[in-house]
Amino acid sequence: MQRWFFRMTATAGLLFYFFASVAQQQTDTVWLKELVVKDALLRRDSLTDPWAGGMTGIASALQRNSAVYIRSAVPGGLSTVSVRGQAPHQVPVLWHGINLQYAMNGVYDLALLPAGQYDIALSEESLLPDAYRGVSLNTVWPVQPPRLQMVYRVASFGDHHLQGRVRGRYRNLRYTLFGNGQTARNNFTYINPLVPGQARLELPNAALRIGHGGLDMQWHSERDSFEMHGLYTAAWRQIPPTMTESHSDAVQQDTSLKWTARYTRVFRRFALTWQPAYIRDVNQFAPDLHQTELLFSQSQISGMLGSGWAIARHTIQQEKVLSTAFPDRVRQIQHIAQLLYQWEVNPSLRVEGSLQNTWHPIQPGLQPTFYLLGNYTGKRFRSHLKIGTARRMPTLNDLFWPGSGNPDLVPEHTLYALSAFQADIVDSRQVRLRLSWEPEVKSIDQYILWVPADNQRWKPENVKSVLVWSQDLSVRLTRNFVRGQWNAISSLHWVRARANAVYHNSQRTALGKQLAYMPEWQWRQAVDLSLHSGWSARLQYAFTGLRFTTRDNAQWLPPVHLVDLEFERRFNIGESRWRMTMAVQNLLNQSYQWIAFRPMPGRSFDATLSWSW
Amino acid sequence: MYNTTNAWKSKYLFLAGLLFILFGFAACEKEARTETGLGKGVMVVNEGPFMTGTGTLTWIGENEETPVTDAFERANPGVFLGNIAQSAAANTNHLFIAVNNASRIVVASRTDLRFAYEIPNIPQVRYLAVAGDSLLYVSYWGDGFSGGFRLMDMKTGTDRTRVDALPGPEEFALHKGKVYVPLSGGFGHDSRVLVLSALDGSVSDTLPVGDRPTKCLSTGEELYLLCSGKFDFSDPSKNTEGALMKLEENGWTTLTSLPNGAKCLTWLPAAAALYFISGNQLGIYQTTSGQLRYIPLEGLTPYALYSAKWKGIEHLWVTDAVDFASRGMIRVLNAEGQLMAGYEAGIVPSYVLGLE
C-alpha cells in the first residue's frame, strides 16, 4: 500500500511540475480556500474572503486563478480583470446576467463589488453572447444557511472590515439582507526612487472607505419563481501619486445602485421569463464627473422543441451617460435577439447552438454572431468544445472623446475556438488525481487600439488583426486520510496575444509584439491541509511572468513571486459556529507592481473572526 | 536489505528538483550594458510614458556610433528620474534635469551621471538654463494656469528671485544680460513675453507678442520668438496663426506668420537660418533674405527640434516620438534637411542638449 502510494506521489509530482492549468467553464477546478467547486463556480461558503496583497473584493478571489491578471493601481483602488489575452474592456462583468461594463470606457471596477456575497465564475456561457468569456456573479443560496453571520477582519496596514448578513425563510420565500463596511489606511512601504541605498521608504498610500448594503430575495411555487437582487455601494478612495510623479493625493468617490428582478412562469410545454434591471453609477474624480444609467429588460420564452430545449431571448437596454467629458448627455439603445438550442444527445453529451444579432446605434443592421458548443461529461473524463464569433462595440470614449474620438470605428470581430479536457486519473475514496488541459485561440479583427494622432492627441484606431493563443494546464491531487484531507493544485497558464496585421504606420510598432500588461506566463501553486478537528492551513505560491509596458516590448515589469500563508481554526459553541484565521500575505516581502510605478504592499498580516448562528 | 521506498523517495526528489529547475520561471532580464561615461556629445531627454512611467536619458557621445539608452538608470541602478522628463541644462560639474510631472529637478554629476541631489517642489517644472556654476534659471507651470519663474543661487541654495502667477512660462532665453520668458498661457491662453534681469531676476518689462509664444531663441546678436498660435482642443475652427518674431529696438516685430502649431525654434549659424517644426515639415527661414520654405520630414513623427554638434559641426537634431508608446528615434539633419544619421532614443524624446 505504501509503495503504491509513493509511486502515485512520484507520478503526481512529475505531473505537478509539468502541468498546471485551470479547467474553466463547465469543469472549473480553480482552487480557493473553502471552495465548493461546482460547474465552473468558485463559491465561498463564508463571508470571509482571503484578500491577497491587501486588495479587497472580487479581484482578490479572481487573482488566484492562473488565467487571470488583475490590473490594480493601488490596493482597494480601481481593479479591472484581464483573462486569457482579453483586455479588461473585453471582459464583461455580469451581475445576475447584467453587464456592468461602463458604457464610457468598457471596464468595471471590481473593487466596488462586495466580497463573499457571490458565486464567482469565469463563465463562458455568459448571458451576453457577444462576449466569449466574462466574470459572472450570482447570489449564493446555500441549502442550510446560518441565520446570522458576522465577520470582522483587521490587517496590519490599518485595514478594518466588518460584514454582517441575515438570512431568513418564510414558506417559499428566502431572503438575505447584508451589509459591510471597510476602512483602510494602507501605509505600506515601497522603494523610494531617488534615495540610492534606501531600500524602502514608508509613505502613506491609499486610504479608502467603502460600504455596501444589499437585499436578495427568492420565491418559488410550483409554476412560478421570482427573485430580486439589490445592491448599493458607496466608496471614497484616496488615490496616491505614483512613484514617479508628485501630484497630491486625489480623491475618487463612487456611488452605485443596482437592482434586478427575474420572474419565470412555467406552463405545460414552455416557460416565460422576464428580467428587468436598473443600474446607476456615479463616479467623481475631480474635476470630472461621470454618471451612467442603465435600463435593462430581457424577455425569454423557452420550451421543448423536438428532442431538445429551445430558447428565444430578446434584450433591450438603454444607457444614458452624463459626463464632463461630453458636452451633451449621451443615450444609446441596443436590442439583442438570441436563438438558443440545447440538445442532450445522451446523459453524457450535450450540444448547444446559438445565433444572435445586436442592433446597436453604430451597427443597426443584421450582422449575426453564433456559437456551437459540445460538452461531454463522463465518469472520469470531461471535455468541452466551443467555436463561435463575437462582436464588441466601441465604447463612448472610443467614439466621442472630445477632440480624440473616432466615430468611424468599427466593432471588433472575433473568431474563437475554446476547448477543455479534464480527466480523473485516480478517483477513489482516498485519492483523487485530476488533470486538466485547455487550449484556445482567438482571432480578433478590427482590434481597437489608442494610438497617437496629429498634434500629439491620442485617437483610437482599428488594428487589422490580433491573434491570441492560450493554454492552461492543471494538476490537482486530493488525499483523504483518517484525520482530514490535503490538496495540492498546480496550474500553469500561457498566453500569446500579438498584433499580426496593422492598417496604419502609427500601429507598426505593435506588430508581432505582446500586448501590454498581458503576462505570457502565470503559475499558481497551492497546498492545503484540513483536519476534521477544525484546524487547517494553506500555502500558496503565485508566479506572474514579466509584463511588457510598452508597445514595442522594450520595457517591462519584472516577474512577481508571491507567497501567502494562512491558518484557520473552526469550532462550535452551542449553535454558534466560529472561525478564526491568521494570514500572511506576500510572505517573502516582495516589491512588485501590477501597473508600472504603482507599488503594491510588502509583507502584511491579517486576522479574521467569523461568527455564524 | 535494500529499501525500495527510500530509493523511490530519493529518485522522486531528484527528479522533482531537476524538473523544477528545468521548468524554471519565465523571468528574463536583459544583460547589463556598459557604463556611461560622459565627454563631448549630446544628451537626449526622453519624457517616458505619459502618467505611467519615468523619463530617461539617452547619451550619444561625439565619436560613438551607438547611443547609451537609459543612461541615468545605468549610472544609478534602481533610481529613476520621474514622470515626464522635460528638459536639461548643464554647467561645468552638474547636469540638471527638469522632471515635469514629478515637479522636481534632478541634479547629477556631469562626468558620470551619478545622482547628486534633487531640488523638489517645483510644480510642473518646464525649462532650465544655467549661468556659470552658481545660477540656475527655472520656468514652471504650477497648476497649468498660474506658474512661475525662479532664479536660484546654487551656492547658497536660495532663490534670488521668484516670480509667481505666470501663465504657462515656456522655453526662455538669456540675451544680453536679460532673461526673456514667453508666457504661453499654459492650459489657457496668453500672448506676452516677460523680461527680467539675468543677474538678480528683477522684472523689467512685459511685452505683447503673438498668440501663444512658446520659445525665445538668442543667436548672440539677435533675439527671436516663435509663437504657435492659439489652439482650441475641442474646436479647431477657433485656432489662430502662429508667428516668427524678432526683438527690435522698438519692440517685437513679426517676420512672418506661421501655421498653427508651429514649434521648436532653433538656429544654424553657418546657414544663417532659423528652423522650426510645422506638422510633418521642417520650416526654414533665411534670416538674410527673409525667405521661408518647407521641407517634408517623411516617415517621421517630429516632436522636437534642436541644434547641436554632430561630428564637430552644428546640425539639426529632430526627435521622432514614433507612436509615443515605444522607443523613439533621433534624426540628425543638415542645413538642407537631409538625413545624416539616426539613433534610437527612449520613449518620447523631447529635448536635446549639446555638451562640450
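So here's what we get for this one:
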| quantity | calculated |
| --- | --- |
| Point-charge dipole on Cβ atoms (K/R +1, D/E -1) for the protein assembly as shown, about Cα centre, debye to 20 | 4360 |
| Accessible area in square angstrom per residue, chain B, 1.4 angstrom probe | 42 |
| A:Met217, A:Met580, reordered so the largest accessible area comes first (probe 1.4 Å) | A:Met580, A:Met217 |
| Dipole axis of the stretch A:447-574 (+1 Lys, Arg; -1 Asp, Glu on Cβ), positive-most option in A:Trp469, A:Leu449, A:Gln514 | A:Trp469 |
| Semi-axis lengths, Å, the stretch A:342-476, gyration tensor of Cα atoms, sqrt of 5 times eigenvalues | 41, 20, 10 |
| Peptide B:96-102 - average C-beta neighbours from other chains (10 Å radius) | 3 |
| Members of the stretch A:241-272 that become less accessible by 40 Å² or more once partner protein chains are added (1.4 angstrom probe, chain alone as reference) | A:Thr244, A:Glu245, A:Ser246, A:His247 |
| Accessible-area composition of the stretch B:44-130, carbon plus sulfur, in percent [1.4 Å probe] | 49 |
| Sequence ranges A:284-292, B:98-106, ranked by mean other-Cβ count within 10 angstrom, highest first | B:98-106, A:284-292 |
| Solvent exposure of the stretch A:546-605 as accessible area per residue, Å², 1.4 Å probe | 43 |
| C-alpha long axis of helix B:4-23 to longest principal axis of chain B, angle in ° | 20 |
| Net charge, A:Ser323 excluded, C-beta distance under 15 Å - Lys, Arg +1, Asp, Glu -1 | -3 |
| Peptides A:477-486, A:405-414, B:344-353, A:570-579 ordered by average Cβ neighbours within 10 Å, highest first | B:344-353, A:405-414, A:477-486, A:570-579 |
| Average other protein chain Cβ within 10 Å of Cβ, residues B:317-326 | 6 |
| In nm, spacing of pseudo-spin labels at A:Tyr232 and A:Leu305 (7 Å Cα→C-beta vector) | 4.3 |
| Counted charge near B:Gly55, where neighbours are those whose Cβ lies closer than 12 Å (Asp, Glu -1; Lys, Arg +1) | -3 |
| Accessible surface of A:Ser428 - all protein chains present, 1.4 Å probe, nearest 10 Å² | 60 |
| Averaged over B:103-112, number of beta-carbon atoms from partner chains that fall within 10 Å | 1 |
| Charge context of B:Gly168, other residues only, Cβ under 9 angstrom, K/R +1, D/E -1 | 0 |
| Theoretical ellipticity at 222 nm over the protein assembly as shown - DSSP helices of four or more residues, -39500 (n - 2.57) apiece, nearest 500 | -1500 deg cm²/dmol |
| Dipole magnitude of the stretch B:163-288, debye to nearest 20 (Cβ charges: Lys/Arg +1, Asp/Glu -1, about Cα centre) | 200 |
| By average C-beta atoms within 10 angstrom, highest first, the peptides A:420-427, B:273-280, A:327-334 | B:273-280, A:420-427, A:327-334 |
| Contact surface B-A: accessible area buried, both sides summed, square angstrom, 1.4 angstrom probe | 4300 |
| Charge-dipole axis of chain B as Lys and Arg at +1 and Asp and Glu at -1 on Cβ define it, positive-most pick from B:Val130, B:Val107, B:Val322 | B:Val107 |
| Exposure ranking of B:His189, A:His89 by accessible area [1.4 Å probe, largest first] | B:His189, A:His89 |
| Between the stretch B:33-99 and the stretch B:131-145, the Cα center-to-center distance that results, in Å | 19 |
| Largest to smallest accessible area among B:Glu314, A:Glu293, A:Glu319 [probe 1.4 Å] | B:Glu314, A:Glu293, A:Glu319 |
| Global geometry of chain B, whether rounded, prolate or oblate, following the gyration tensor of its Cα atoms and the 1.5 cut on a/c | prolate |
| Dipole magnitude of the stretch A:508-613 about its Cα centre (Cβ charges: Lys, Arg +1; Asp, Glu -1), debye to nearest 20 | 280 |
| Range of Cα positions in the protein assembly as shown per principal axis (Å), largest first | 96, 75, 48 |
| Chain B: relative contact order in percent, alpha carbon pairs under 8 Å with at least 6 residues between | 12 |
| Gyration tensor verdict on the stretch B:228-356 (Cα atoms; rounded if a/c is under 1.5, prolate if a/b is larger than b/c, oblate otherwise) | oblate |
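The values are calculated or read from the model by the stated rules, or taken from the named source; none is laboratory data. Please read all numbers here as calculations on a predicted model, not as lab measurements. Backbone-built Cβ (ideal geometry, glycine too); neighbour counts: all protein chains shown. Side chains are part of the model used for accessible areas, which takes the heavy atoms of the whole protein and leaves out ligands, DNA and RNA. Shrake-Rupley method; radii C 1.70, N 1.55, O 1.52, S 1.80 Å.
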